[in-house]
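Everything on this sheet refers to the single structure shown next.
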Amino acid sequence: MYQSFIGLEVHIHLLTKTKVFCGCRSAFGDAPNTNVCPVCMGYPGVLPSLNIEAMRMGCMVARALNCRIPEKTWFERKQYFYPDMPKNYQISQFGSPLGQEGYVDLDGKRVRIKECHLEEDAGKMIHTGTVSLLDYNRAGVALLEMVTEPDMETGEEAERFIQQLRRTVRYLGVCDGNMEEGSLRADANVSINLPGKGLGRKVEIKNLNSSRFVRLGLNYEIQRQGNLLDQGKRVIQETRLWNENRDQTEPMRTKENAQDYRYFPEPDLPVFAPDAAFLASVEAALVELPAPRMQRLEQDYGLSREQAELIGDEKALADYFEEAVAAAEAQGLAKQDGAGRIANWLLTDIKHILGRAGLTPSGIGSFRLTPRRLAALVALVARGQVSMKNGKQALERVVAEDREPEALIREAGWEQLSDPARIAEAVQAVYAAEGETFALVRGALAAGNRKRQRTLTAYLVGRVLERTGGRANPQIVGSQIEALIGDGV
């Protein structure tokens, strides 16, 4: 039985409008080599200029990860050949990164954050046949690298860490977290050894572009290294790639010793010493983070853990939910009652409508069904003024027609019928038409067949609702039908 040690290096593309050291547009998907200039193309004599917004976003992530921001931070040149970075070195941080000595609590376990450092990304290479194409649009884009200590032990832990980090950067608004586009990508380091013997020989798995691949790649590698040690063989320190088609890691290059990148201070950028105003702007930009918010949704609103996690996964959806609950409270619903009803609508009917329209929960802020409109619908159903069936029909029409639910329901004649006398007319009509069914219900009651009695009674209630266009209050209908059945016994 071996002990595993897992550390992650996660690269986070920051959502700045321009690159980190020049004024070129920073955007995914633009035509190749259209967002370039002499600075990011490495022309002689050019001077970089720090994008202060990239520094602010980086510090926001560092603070969210409980890191310490040093009194002074600076940039170094990291020397080695990049085929997709024209100047053949990378401006990065080494001696004093912007975030240091943090931690993340993950399911009761503390994962230490070694550092967060800001750097420029390289370009992109596209290999086609015997030709390699270079797109320099990404060269110089602001990239924050977050490095953990080797505190995780399983692929599942690493997957949850990545998922929590992705939620965090999306909540902060500093990264879209689209791993498939490379906005957030991970390298994983893993070694195994006998318990108590410390770290083993490290293997790095490069460029994992989904949390699922992080889990699969690490678990495969732990098993592969264990098999080697069981056979008395030596684990080679190397870099490997995850082959998603074969579900296995494959050798990329041997890495016996750490490379000497010959770091030296970047001569064209001054030391950055964050002042009180800068630090205050960082603190002001922080928001309630996903994990504590999910706990609060569960505790304050009475949601199940699953509901809290589904709603809290996206900040926009959680904001929408809380605004709708507040609006429902203003209409007289108790907080937890309104919250439970709104959560059910959000996670069923509204989720279906969003998916059908090709919308994601992150875009719910522009949804025609505003939080106030949802609260109005929920309150109408809760007070018995509209049946659930008609409420859901109204939901569809509110979205389709961009109208207020109260006016739409009134116009459609969907207000719930609760007058016992008017309901009795419909019940008597069904009684006259369904005399045989009433007799079967009484027979089931006499025989003690409760299941058949309930089924037949539900059928009769449905016939009454059908006669009233779904408007009759089902509770009143059920009571009157039960009274008729009792009268005939």
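Cβ-Cβ distance below 6 Å, separation of 6 or more or different chains: which pairs start in the stretch 221-249 with a residue that is of a type in the set (Val, Ile, Thr) and end on one that is part of a loop (DSSP other than H, G, I, E, B)?
Close Cβ pairs (under 6 Å, with a partner that is part of a loop (DSSP other than H, G, I, E, B)) amount to VAL235/ARG201; THR239/LYS255.
For a quick check of your reading: which helices (runs of 4 or more DSSP H) sit entirely within the stretch 404-489 and have at least 3 residues that are more than 30 Å from PRO371 (Cβ to Cβ) and touching a residue at least 60 places away in the same chain (Cβ under 8 Å)?
none
Could you give me the residue pairs with C-beta distances under 8 Å whose first residue belongs to the stretch 387-402 and is more than 15 Å from GLU415 (Cα to Cα), whose second residue is at pLDDT 90 or above and exposed (fewer than 15 other Cβ atoms within 10 Å of the Cβ) wherever it lies, and which are 6+ apart or on separate chains?
If the second residue must be at pLDDT 90 or above and exposed (fewer than 15 other Cβ atoms within 10 Å of the Cβ), the pairs left are VAL398/ARG368; VAL398/GLU404; VAL399/ARG368; ASP402/ARG368.
Filtering the stretch 245-283 down to residues that are at pLDDT below 90 and hydroxyl-bearing (Ser, Thr, Tyr), which residue is nearest to VAL46 (Cα to Cα)?
Selected residue: TYR261.
Among the numbered conditions (1) outside any loop (DSSP other than H, G, I, E, B); (2) crowded, with 17+ Cβ neighbours inside 10 Å, tell me where PHE21 comes up short.
It fails just one condition, (1).
Name, by its number, the condition in (1) surrounded by 23 or more Cβ atoms within 10 Å (Cβ to Cβ); (2) touching a residue at least 60 places away in the same chain (Cβ under 8 Å) that does not hold for PRO150.
Of (1) surrounded by 23 or more Cβ atoms within 10 Å (Cβ to Cβ); (2) touching a residue at least 60 places away in the same chain (Cβ under 8 Å), only one is false for PRO150: (1).
Out of LEU98, LEU65, I need the residue that is surrounded by 16 or more Cβ atoms within 10 Å (Cβ to Cβ), in contact with a helix residue (DSSP H, G or I) (Cβ under 6 Å, 6 or more places away or on another chain), of a type outside the set (S, T, N, Q) and in contact (Cβ under 8 Å) with a residue 40 or more places away in the chain. Which one?
One residue alone meets the criteria, LEU98.
Name every residue in the stretch 212-232 that is in contact with a strand residue (DSSP E or B) (Cβ under 8 Å, 6 or more places away or on another chain) and closer than 16 Å to GLN163 by Cβ, in order of residue number.
Scanning the stretch 212-232 gives PHE213, VAL214, LEU216, GLY217, LEU218.
Somewhere in the stretch 169-187, is a residue polar (S, T, N, Q) and either part of a strand (DSSP E or B) or over 30 Å from ALA142 (Cβ atoms) (or both)?
Looking through the stretch 169-187, none of the residues is polar (S, T, N, Q) and either part of a strand (DSSP E or B) or over 30 Å from ALA142 (Cβ atoms) (or both).
Checking the condition touching a residue at least 12 places away in the same chain (Cβ under 8 Å) and in a loop (DSSP other than H, G, I, E, B), which residue from ASP260, ASP268 passes?
ASP268
Give me a count of the residues in the stretch 119-139 that are surrounded by 11 or more Cβ atoms within 10 Å (Cβ to Cβ) and out of contact with any Pro (no Cβ under 9 Å at 6 or more places or on another chain).
3
Yes or no: ASN207 of a type in the set (S, T, N, Q), on the phi > 0 side of the Ramachandran plot, surrounded by fewer than 16 Cβ atoms within 10 Å (Cβ to Cβ) and modelled with pLDDT under 90?
So ASN207 passes the test.
So PRO405 passes all but one of these: (1) surrounded by 12 or more Cβ atoms within 10 Å (Cβ to Cβ); (2) outside the structural domain of ARG356 (by TED's automatic domain parsing). Which condition number does it fail?
Only one criterion in (1) surrounded by 12 or more Cβ atoms within 10 Å (Cβ to Cβ); (2) outside the structural domain of ARG356 (by TED's automatic domain parsing) is unmet by PRO405, namely (2).
Any chance you could count how many residues in the stretch 18-55 are among the charged types (D, E, K, R) and without any contact (Cβ under 8 Å) to a residue 12 or more places away in the chain?
1
Scan the stretch 193-200 and give yes if some residue there is outside the structural domain of SER362 (by TED's automatic domain parsing), part of a strand (DSSP E or B) and touching a helix residue (DSSP H, G or I) at 6+ places or on another chain (Cβ under 8 Å), otherwise no.
Within the stretch 193-200 (the criterion being outside the structural domain of SER362 (by TED's automatic domain parsing), part of a strand (DSSP E or B) and touching a helix residue (DSSP H, G or I) at 6+ places or on another chain (Cβ under 8 Å)), the answer is no, since none of the residues qualifies.
List the pairs whose first member sits in the stretch 348-372 and is over 14 Å from ASP319 (Cβ atoms), whose second member is exposed (fewer than 14 other Cβ atoms within 10 Å of the Cβ), and whose Cβ atoms are under 6 Å apart, counting only residues at least 6 apart or on separate chains?
Cβ pairs passing all conditions: ARG368/ASP402.
Output the number of the condition that LEU165 fails; it satisfies all remaining conditions of (1) over 23 Å from the mean Cα position of the chain (by Cα); (2) over 20 Å from ILE52 (Cβ atoms).
Exception for LEU165: condition (1).
Do we have GLU221 as crowded, with 22+ Cβ neighbours inside 10 Å and not assigned by TED's automatic domain parsing to the domain that holds GLU314 here?
yes
Here is a check on your reading of the model: is GLY182 over 17 Å from the mean Cα position of the chain (by Cα), assigned by TED's automatic domain parsing to the domain that holds PHE81 and either in contact (Cβ under 8 Å) with a residue 24 or more places away in the chain or more than 27 Å from ARG77 (Cα to Cα) (or both)?
Taking the combined requirement at face value, the residue does not satisfy it.
Scan the stretch 45-55 and tell me whether some residue there is touching a Ser or Thr at 6+ places or on another chain (Cβ under 7 Å) and surrounded by 22 or more Cβ atoms within 10 Å (Cβ to Cβ).
Yes, because at least one residue in the stretch 45-55 is touching a Ser or Thr at 6+ places or on another chain (Cβ under 7 Å) and surrounded by 22 or more Cβ atoms within 10 Å (Cβ to Cβ).
Cβ contacts < 7 Å: first residue farther than 14 Å from PRO70 by Cα, restricted to the stretch 272-299; second residue loosely packed, with under 13 Cβ neighbours inside 10 Å, any location; separation 6+ or different chain. Result?
Every condition considered, the pairs that remain are GLU298/ARG305.
The values are calculated or read from the model by the stated rules, or taken from the named source; none is laboratory data. Just so it is clear, the model here is predicted, and its values are computed rather than measured. Cβ: placed from backbone, ideal geometry, glycine included. Neighbour counts: every protein chain shown.
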